[in-house]
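Input: a single structure, listed below in structure tokens.
The values are calculated or read from the model by the stated rules, or taken from the named source; none is laboratory data. Quick caveat, the model's predicted, so the values are computed rather than measured. Cβ atoms come from the backbone with ideal geometry, glycine included; neighbour counts cover every protein chain shown. For accessibility, only protein heavy atoms count, side chains too; no ligands or nucleic acids. Shrake-Rupley method; radii C 1.70, N 1.55, O 1.52, S 1.80 Å.
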Number of protein chains: 2
Amino acid sequence: MALGKDYATQECSIARALEVVGERWTLLVVRDALYGVRRYNDFLVHLGIPRAVLAARLQALTAAGVLEKRRYQESPPRDEYVVTERGRELWPALRALGAWGRGIPGTAPMREFRHVTCGSPLGVVGECTGCGGLVPLEEVEMLPGEGLDPDPADPVSRALLEPRRLLQPVVTEPV
Amino acid sequence: MALGKDYATQECSIARALEVVGERWTLLVVRDALYGVRRYNDFLVHLGIPRAVLAARLQALTAAGVLEKRRYQESPPRDEYVVTERGRELWPALRALGAWGRGIPGTAPMREFRHVTCGSPLGVVGECTGCGGLVPLEEVEMLPGEGLDPDPADPVSRALLEPRRLLQPVVTEPV
DNA sequence: CACGGTAGGTTCGGTCACTGAACCAAGAAG
DNA sequence: CTTCTTGGTTCAGTGACCGAACCTACCGTG
């Protein structure tokens, strides 16, 4: 959103959160990071975001402490972006937004989320409807819903078709 | 964000939610509406938003079913914007974002939220830490926090300094 | 060593949304 | 008849976003 000037005058935690994650694409980048996407190229093909914007968002999120840039191989040097604890704390907000988005008319649910240790579906804010408490991200299982394209073009979407845990790194198998 | 083209290709409830509430200012308008702000002029002075943008957002939110335009006096004809049930369902998402925003370093908490019938503070997603369940918006009491300017310029901010329930209409007493 | 491929960017011109200020209109108040 | 209030619309300027092209290491192959 390029907020700075205006939102800064808002005396509100919501406005300050939006200063960090309120710009276009930013929350979708965080969503993908929580789904296990880590590499520049994977974000790129999965989101369909302009390269310059992606670079700016990754840098801003890293500066905000939501992502962490980490060298995963030396030769050739390659970095990946991993969500930090601070980034994981955005899960309830993303989950609530997603739950709200499901209520938009004329659409089928895209993904289902389950507490893997007890099998119950998640509530609107990521709590377990079975055992009641907030579910650690590692115990959240993501399953494809009926609204999802069964044969997507990009390899990241294909990898995300499998039932999988949150945060589990996406591996894009070569075509 | 003016999403349309790009986000439409995203197969994700979060992306679809952001199509509706992801543009600049939109979530802050909804926040104000949940706080009890209803009139064009009150949104204007409280948010410091350009008039054209406010008009566009109010119209878009009304079209999306988040707000409802309602005639509150006939002569002269005056309308107010009231949150619908669909709009109230955004509260968990806003609450989660606000809770996350409180964790941004270098800031004091702006507002506190309490379950008025039992006095316990609200958790990160609007649940009651005392009695456990999700709290109906009418039972949420909002109190000023230490980070809040004790003598703000605009009448809406002054009205929101008082402890008050969510959704309770803001009355801007004449100066 | 030339050549092509991959990962991760930067640069650049065009477009579109946001911004602030000015203007407009219907009624009420004086 | 003039001014004030409420709720807007119009308009020029600016800045963010867009897609495409280009750049830089490095690797693998012949």
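Annotations
- Principal axes of the stretch B:7-86: Cα extent on each, largest first, Å: 47, 25, 21
- Per residue, the protein assembly as shown exposes 45 Å² of accessible surface when a 1.4 Å probe is rolled over the protein heavy atoms with every protein chain present.
- Counting protein heavy atoms only, the stretch B:87-165 has 52 percent of its accessible area on carbon and sulfur, 1.4 angstrom probe.
- Those residues of the stretch A:82-101 for which accessible area with every protein chain present is at least 40 Å² below the isolated value (1.4 Å probe): A:86, A:93, A:97, A:100
- About the Cα centre, charge dipole magnitude for chain B (Lys/Arg +1, Asp/Glu -1 at Cβ), debye: 320 debye
- Partner chain coverage, peptide B:117-128 - average Cβ within 10 angstrom: 2
- All alpha carbon pair distances within the stretch B:87-165 were sorted into 10 Å bins beginning at 0; the resulting P(r) in whole percents reads 18, 47, 32, 3.
- For chain B, the relative contact order works out to 19 percent when only alpha carbon pairs closer than 8 Å and six or more residues apart are counted.
- Paired Rg and Dmax values of chain B, which use every Cα atom, in angstrom: 16.7, 50
- Protein-only accessible surface order, largest first, of A:81, A:72 at 1.4 Å: A:72, A:81
- Mean-position separation - Cα centroids, the stretch A:66-123 and the stretch B:73-139, in angstrom: 23 Å
- Accessible area buried by the pairing of A and B, both sides summed with a 1.4 Å probe, works out to roughly 4500 Å².
- For the protein assembly as shown: span of alpha carbons on each principal axis (Å, largest first): 68, 43, 42
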